[in-house]
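Quick notes on the structure that follows.
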Amino acid sequence: RKLTRIPRQEMISFKVSAFFSRVKILTDSLEKGKNTDISFFMNESDLEIFADENLIFLVLINLIKNAIEANENNPDCKIKVTAKKGISNHPEICVTDNGPGISPEDLEEIFIPFFTTRENGSGIGLSISKQIMGAHGGNLKVHSIPDKETVFCMRFRN
């Protein structure tokens, strides 16, 4: 339980463009396949989010790392990270990959603490990510079409 406790949020308003620059620096150093392409897109250059930037950073890096790991056998891995105003004009950040997808059975379980489909996985990353988004008044949603794409979207309330 101590592992899954999230620290108190330090809420600030931050520009997604600067946030993406910070995330890109780290993703460039992640171990990934030679044919893995990670790209970042924004519909609005002045898009801002009111949240704990460091906690949201952890969530986004976790989603990107999951996409990289899910695509380890994909010879043409494409990961897109997009930011836009979504439902009710609220900001959202989505991570989309063109990998193997998630089975419908696993989709029902992936946010449960300690559930994992990976041999060396801990099963806490998505659970903590969902808790962080909930603590911000937002949510984390997933949509997957096996052998086509998986999309995780972080939706914010502001």
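Side notes on the structure shown:
- Here the condition is being in a loop (DSSP other than H, G, I, E, B), touching a Leu at 6+ places or on another chain (Cβ under 7 Å) and either farther than 21 Å from residue 7 by Cβ or at pLDDT 95 or above (or both); of 110, 102, 93, it holds for 110 alone.
- Region 91-114, residues that are over 29 Å from residue 158 (Cα atoms) and open to solvent by less than 10 Å² (accessible area, probe 1.4 Å): 99
- Test: residue in region 92-113 that is under 17 Å from residue 53 (Cα atoms), over 11 Å from the mean Cα position of the chain (by Cα) and not hydroxyl-bearing (Ser, Thr, Tyr): no
- Subset of region 1-24 [over 20 Å from residue 132 (Cα atoms) and at pLDDT below 95]: none
- Within region 29-40, residues that are over 10 Å from residue 71 (Cβ atoms) reach partners that are open to solvent by less than 70 Å² (accessible area, probe 1.4 Å) and aromatic (Phe, Trp, Tyr) with beta carbons closer than 6 Å, at six or more positions or on different chains, in the pairs 40/20.
- Within region 129-157, the set of residues being assigned to a loop (DSSP other than H, G, I, E, B) and under 11 Å from residue 92 (Cβ atoms) comprises 138, 156, 157.
- Subset of region 38-65 [acidic (Asp, Glu) and either open to solvent by less than 70 Å² (accessible area, probe 1.4 Å) or at pLDDT 95 or above (or both)]: 44, 48, 52, 53
The values are calculated or read from the model by the stated rules, or taken from the named source; none is laboratory data. Because the structure is predicted, anything quoted here is derived from the model rather than measured. Note that each Cβ is placed from the backbone with ideal geometry, even for glycine, and that neighbours are counted across all protein chains shown. Only protein heavy atoms, including side chains, enter the accessible area calculation; ligands, DNA and RNA are left aside. Shrake-Rupley method; radii C 1.70, N 1.55, O 1.52, S 1.80 Å.
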